[in-house]
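Take a look at the structure set out below.
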Amino acid sequence: MIDKKEIEDELTKLFTKIKDKTIIVEGKRDKEVLYSFGLTKVYTINRGLYELSEEFDKKEILILTDFDKEGKEISRKLSLFLQVKNKIDRNTRRKIGLLLSKLQIRTIEELKH
């Protein structure tokens, strides 16, 4: 049986570790959810992916789009643009995705704090 509280605690610890990291999410509700966990360097995709990628230079970036088909595709495309000038934190994305899948959550906005 999955211990929901244990998984939520792991997510909270992980979010504490990345609190100073630059994070890109799909929308406003995703950003609000991450703010509730104390993450403040959260940017939304509010223009074309290339234009968004031009805002960042020499940063370590976590692309935290949803874990559904569309979100994964956005993450893949955005990574291509961003990796030219930045380091993409794919490992943390994988960890978060695994924890969310255990909770049967596929979108960031479903993660309530």
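Tally the residues that are free of Cβ contacts under 8 Å to residues at least 60 places away in the same chain and either part of a helix (DSSP H, G or I) or aliphatic (A, V, I, L, M) (or both), restricting the search to the stretch 82-99.
Counting residues in the stretch 82-99 that are free of Cβ contacts under 8 Å to residues at least 60 places away in the same chain and either part of a helix (DSSP H, G or I) or aliphatic (A, V, I, L, M) (or both) gives 9.
For GLU109, state whether it is of a type in the set (Asp, Glu), in a helix (DSSP H, G or I) and at pLDDT below 95.
yes
Among the residues of the stretch 69-81, is there at least one that is at pLDDT below 95, surrounded by 13 or more Cβ atoms within 10 Å (Cβ to Cβ) and in a strand (DSSP E or B)?
No, that holds for no residue.
Name the residues in the stretch 17-34 that are assigned to a helix (DSSP H, G or I) and under 24 Å from LYS58 (Cβ atoms), would you?
Across the stretch 17-34, the qualifying residues are LYS17, LYS31, LEU34.
Could you tell me which numbered condition THR65 fails, if it satisfies all but one of (1) free of Cβ contacts under 8 Å to residues at least 40 places away in the same chain; (2) surrounded by 15 or more Cβ atoms within 10 Å (Cβ to Cβ); (3) of a type in the set (Ser, Thr, Tyr)?
Looking at each condition in turn, THR65 falls short on (1).
The values are calculated or read from the model by the stated rules, or taken from the named source; none is laboratory data. The structure displayed is predicted, hence computed values, not measured ones. Positions of Cβ are backbone-derived with ideal geometry, glycine not excepted, and every protein chain shown enters the neighbour counts.
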